[in-house]
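Structure first, commentary second.
The values are calculated or read from the model by the stated rules, or taken from the named source; none is laboratory data. As the structure is a prediction and not an experimental result, all values here were calculated from the model. Cβ coordinates were reconstructed from backbone atoms using ideal geometry, including for glycine residues, and neighbour counts include every protein chain displayed.
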Amino acid sequence: MKLTHINLVARDAKALAAFYEAVFQCKQMRPAKVLSGEKVSKGNGLPNSEILSIWLTFPDCGTPFLELHQHAATEDRGVAPVNATGFGHLAFQTPDLHALIAKVLSAGGSKQGEVTNFGTSERPHLICYMRDPQGNILELEQPYCTPEEDQQQPSDHCQSA
């Protein structure tokens, strides 16, 4: 068994896809397509379902992918607080947290929290919660790397605090 994809329901799937492409270098896996008809409605339990579906891959990773859905009829539940039950956040690791924060803000995202060190002064592990333009929570993190690790390995191999 494996996790294949993560789905976000969007008010504007094309705009949200543009955000993830610009900020996180996601790429479209296939052209956007509309899903509709009896099989779609039967599968998701929503009568007369019509969905614009966009699939995005994350850099250096085929799965899981990010699936964006824009339903013809959408129930807007507003912006969920960080402690709401259900979906929590997408987490991204970066070698430069402050540069990624600036990218999120310049692409229409917003800050949810402040940069916080979950490590120590000798081994910092920085995190910051943000929101994408449609209110989904993003956790951005910059793990501790020794200079040698930083030169030799991708950031996902750096040490957590």
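Brief remarks on what is shown
- Taken over the range 128-146, the criterion of being hydrophobic (A, V, I, L, M, F, W, C) and touching a Cys at 6+ places or on another chain (Cβ under 6 Å) is satisfied by Leu140, Cys145.
Conditions tested, residue by residue: (1) outside the structural domain of Ala22 (by TED's automatic domain parsing); (2) touching a Ser or Thr at 6+ places or on another chain (Cβ under 8 Å); (3) modelled with pLDDT under 95.
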site	(1), (2), (3)
Phe58	no, no, yes
Val82	yes, no, yes
Ile101	yes, no, no
Ala107	yes, no, no
Lys111	yes, no, no
Tyr129	yes, no, no
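- Selection of the range 24-36 for residues being over 23 Å from Lys103 (Cβ atoms) and touching a residue at least 12 places away in the same chain (Cβ under 8 Å) yields Arg30, Ala32, Lys33, Val34, Leu35, Ser36.
- Test: residue in the range 44-59 that is in contact with a helix residue (DSSP H, G or I) (Cβ under 6 Å, 6 or more places away or on another chain) and without any contact (Cβ under 8 Å) to a residue 12 or more places away in the chain: yes
- Test: residue in the range 56-65 that is at negative phi, surrounded by fewer than 16 Cβ atoms within 10 Å (Cβ to Cβ) and hydroxyl-bearing (Ser, Thr, Tyr): yes
- Output for the range 26-36, where each listed residue is farther than 14 Å from Leu90 by Cα and either hydrophobic (A, V, I, L, M, F, W, C) or surrounded by 12 or more Cβ atoms within 10 Å (Cβ to Cβ) (or both): Lys27, Gln28, Met29, Ala32, Val34, Leu35, Ser36
- Any chance Leu97 is closer than 21 Å to Ala22 by Cα, crowded, with 16+ Cβ neighbours inside 10 Å and either at pLDDT 90 or above or of a type in the set (S, T, N, Q) (or both): yes
- With respect to the conditions (1) farther than 15 Å from Lys33 by Cβ; (2) not in a loop (DSSP other than H, G, I, E, B), Asn83 lacks only one, and its number is (2).
Listed here are the residues, each with its yes/no results for (1) of a type in the set (Lys, Arg); (2) over 14 Å from the mean Cα position of the chain (by Cα).
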| position | (1), (2) |
| --- | --- |
| Lys27 | yes, no |
| Leu52 | no, yes |
| Pro59 | no, no |
| Asp76 | no, yes |
| Thr85 | no, yes |
| Leu90 | no, no |
| Gln93 | no, no |
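- Qualifying residue in the range 113-135 (condition: surrounded by fewer than 17 Cβ atoms within 10 Å (Cβ to Cβ) and in contact with a Pro (Cβ under 7 Å, 6 or more places away or on another chain)): yes
- Pairs meeting the criteria (first residue in the range 81-107 and farther than 17 Å from Ala10 by Cα, second residue assigned to a loop (DSSP other than H, G, I, E, B) and of a type outside the set (A, V, I, L, M), beta carbons under 6 Å, at least 6 apart or on different chains) are Leu100/Thr94.
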